[in-house]
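What follows is one structure encoded as structure tokens, with my remarks underneath.
The values are calculated or read from the model by the stated rules, or taken from the named source; none is laboratory data. Quick caveat: nothing in here was measured; it's all calculated off a predicted structure. Cβ coordinates were reconstructed from backbone atoms using ideal geometry, including for glycine residues, and neighbour counts include every protein chain displayed. Side chains are part of the model used for accessible areas, which takes the heavy atoms of the whole protein and leaves out ligands, DNA and RNA. Shrake-Rupley method; radii C 1.70, N 1.55, O 1.52, S 1.80 Å.
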Amino acid sequence: ILYGPPGTGKTYSTILLAAEIIEGEKITDFTEATRIFNSHLGDRIEFITFHQNYSYEDFIQGLRPDTDNERDLIFEKKDGIFKTISDRALKNISDSERPSNIKKPFEEVFHTLLLPLLEGEVEEIEIQMKRSSYFITEISNKSISFRKSSGMSSHTLSINTLRKMYETNTNLNIQGLSPYYTPLFSRLVDLGKTSGEKSHQTIKKNYVLVIDEINRANISRVFGELITLIEPDKRSHGELPLSSTLPSGDRFVVPSNLYLIGTMNTADKSIALLDIALRRRFDFIAMYPKYENLDKEVYDVDILKAINKNIVKLKGHDFQIGHAYFMGENVELLPRMNSKVIPLLLEYFMNDAAEVKSILTQSGLEVEKDSWPIRILGKLG
């Protein structure tokens, strides 16, 4: 967890850290790090921001309406961002331990199976079950419609669910509809086999989940029982690997090749108030204002130092102004101070105008008389 006041480069640093973890080497060029980060975003890297309403169902797993079902309102379990990337990482680390057979892409296999129906050669496609059959009658962009061997009522299966089953090679425990998904999944697997049974060795890779503003959510509520599983020795390949049963009945384990990076704004919430269980499971890296040895110039560094010196005396180190406010596009002193820094100071000091004016004056700035909002006219003298 990277912690410190706003504007100290925490989110900036997560991009560098994530890129280094993905590549397994030190990266100093931020442009290159950004390219690596964006190229893996949505696959080996996920980025989320916590907030007060973020929940266990958003993060791990919960019930959500099945938007793929175009006929009935059905609630199904949906994996949250943490479980999604954990499943990807676990599949990679498991596949790396044994050669796996190469199979055709899902879209190709799916199209091959249903081509006769799509081209109108047949009116329905029979899918054999253990004791009977069902018949696929219609295909839409999101679902497959089928009828049972007895009765005329129509039912649907999610194409996205089939895709997930095929790509993960897992017969998901789908309540109620499992007897219909399983035989179709088996047909797709058979069609997906390539001639010659070619195999390849999967390379073990690292995965990264970046959690911005990690202290803004209710950590106990979001992580739930999985707070224990993120410890290195409790992970899939740790010394004491543990798994947990989710409310849905799914077994879940945190893979050893998944890294968690968090950021925490100390001006928003003190470290002392952060969940103790979370604190002892992360390494904390302090990020406070810097005035030199940065890749870009810090403008009016004497003023920034003076402002922070006064803030530390009155509020402590966690409420300083970050160097990013005095870098990059923030070249001009007046718009930088009047539009960004002074509003932040007013927030820190609960709109105490006298206190903020005192800080600005002691920092060598001329304050406009009787102005509200508070504005500066320039440097003193």
Counting only residues in segment 227-267 that are of a type in the set (Val, Ile, Thr) and part of a strand (DSSP E or B), the one surrounded by the fewest Cβ atoms within 10 Å (Cβ to Cβ) is identified as 245
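Here's the yes/no breakdown for (1) free of Cβ contacts under 8 Å to residues at least 24 places away in the same chain; (2) touching an Asp or Glu at 6+ places or on another chain (Cβ under 8 Å):
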{"site": "214", "(1), (2)": "no, no"}
{"site": "233", "(1), (2)": "yes, yes"}
{"site": "237", "(1), (2)": "no, no"}
{"site": "242", "(1), (2)": "yes, no"}
{"site": "250", "(1), (2)": "no, no"}
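Which of the residues spanning segment 136-148 are open to solvent by 70 Å² or more (accessible area, probe 1.4 Å) and assigned to a loop (DSSP other than H, G, I, E, B)? Lay out the reasoning, then the answer.
Here is the first cut: in segment 136-148, the residues open to solvent by 70 Å² or more (accessible area, probe 1.4 Å) are 138, 141-142, 148.
The answer is 141, 142.
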Residue count, segment 322-381, condition over 22 Å from residue 292 (Cα atoms), open to solvent by less than 30 Å² (accessible area, probe 1.4 Å) and part of a loop (DSSP other than H, G, I, E, B), comes to 3
Taking segment 29-63 and keeping residues assigned to a helix (DSSP H, G or I) and open to solvent by less than 20 Å² (accessible area, probe 1.4 Å) leaves 33, 36, 37, 59
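Do you know which residues across segment 30-62 are more than 25 Å from residue 9 (Cα to Cα) and out of contact with any Asp or Glu (no Cβ under 7 Å at 6 or more places or on another chain)?
53, 55, 56, 57, 58, 59, 60, 62
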Output for Cβ contacts, cut-off 7 Å, separation at least six or different chains, first residue without any contact (Cβ under 8 Å) to a residue 24 or more places away in the chain and closer than 23 Å to residue 232 by Cβ in segment 275-294, second assigned to a loop (DSSP other than H, G, I, E, B) and not acidic (Asp, Glu), reads none
- Message: Can you confirm whether residue 236 is at pLDDT 95 or above and not hydrophobic (A, V, I, L, M, F, W, C)?
- Response: no
Taking segment 119-135 and the residues there that are closer than 11 Å to residue 179 by Cα and not in a strand (DSSP E or B), the one that is most open to solvent (accessible area, probe 1.4 Å) would be 131
query: If you check residue 8 against the conditions, is it polar (S, T, N, Q), at pLDDT 95 or above, open to solvent by less than 30 Å² (accessible area, probe 1.4 Å) and not in a helix (DSSP H, G or I)?
result: yes
Within segment 3-56, the residues that are out of contact with any Lys or Arg (no Cβ under 8 Å at 6 or more places or on another chain) and among the acidic types (Asp, Glu) are 23, 25, 29, 32, 46
Do we have any residue at all in segment 209-218 that's at pLDDT 90 or above, open to solvent by 40 Å² or more (accessible area, probe 1.4 Å), assigned to a loop (DSSP other than H, G, I, E, B) and in contact with a helix residue (DSSP H, G or I) (Cβ under 6 Å, 6 or more places away or on another chain)? no
